Structures are given as structure tokens and as C-alpha cells.
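> My questions all concern the structure below.
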């Protein structure tokens with residue numbers, strides 16, 4: 001990594017990096033859940049992305065504060081529900097994507 005790039009990254013607040021990463025995971029998971037007309041659903045990929053998002057949001061929430069964490073948690077929950085709706089084989093409560101981090105989602 002060159003010094004200029006490292007300086008640029010050093011100037012970005014952690015909360016911004018976390019939010020940007022979460023939004024990328026959310027967008028990819030939404031597409032994989034079939035929420036985009038441009039691509040077919042791939043629930044195996046969606047599960048991986050939602051679980052990664054849940055881990056990030058759960059770990060980061062105490063660090064970034066409720067003001068920043070709340071919208072991420074809401075988006076995560078919406079994706080978990082979209083996954084459940086799209087899935088033909090229903091996961092038992094607490095076994096859906098990311099639920100090991102968030103608890104069961106209804």
C-alpha cells in the first residue's frame with residue numbers, strides 16, 4: 001500500500017468504513033435474495049452475506065452507537081425476513097442466516 005493511499009484511508013472515520021461495508025453486504029444480499037429484477041436469487045450466497053452482515057453489525061453496534069447501528073440492524077432484519085420469505089425450505093427459529101448473532105427473527 002502506498003503512503004498516499006494509507007493517508008487517505010487513515011482520514012476516514014471507522015463508523016464510515018463500517019457503514020460502507022455494511023451497505024455493500026446489504027446490497028449484495030438483497031440481490032441474492034431475489035429482490036432485484038436483474039438477477040436470479042441465490043439463497044446459498046444470500047445466507048453467507050446475511051450472516052457476515054449480522055456478525056459485522058452485532059460486533060460493531062456497541063462501537064458505533066445506536067444512532068448508526070439502528071438503521072443497520074433494521075436493514076439486516078429486513079434481509080433476514082426477505083430470505084425467509086424467498087426460501088422454500090424454512091429454517092427452524094434461530095437457525096436462519098445471521099440468527100446465531102441476532103437471535104430468532106420473526
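Nothing in this text is a laboratory measurement; each read-out follows from the coordinates by a stated rule. Small disclaimer: the values here were computed from a predicted structure and weren't measured. Virtual Cβ from ideal backbone geometry, glycine too; neighbours counted across all protein chains shown.
> As a test of understanding, state the convex hull volume per residue of the range 3-102 from its alpha carbons, in Å³.
Cα-based convex hull of the range 3-102, divided per residue, equals 110 Å³.
> Here's something else I'd like to know. What's the exposure ranking of 21, 102, 88, going from fewest to most Cβ atoms within 10 Å?
So the ranking, lowest neighbour count to highest, is 88, 21, 102.
> Provide 73, 95 in ascending order of the number of other Cβ atoms located within 10 Å of each residue's Cβ, fewest first.
With the sparsest Cβ surroundings first, the list reads 95, 73.
> Can you sort 85, 37, 11 by how many other beta carbons sit within 10 Å, fewest first?
37, 11, 85
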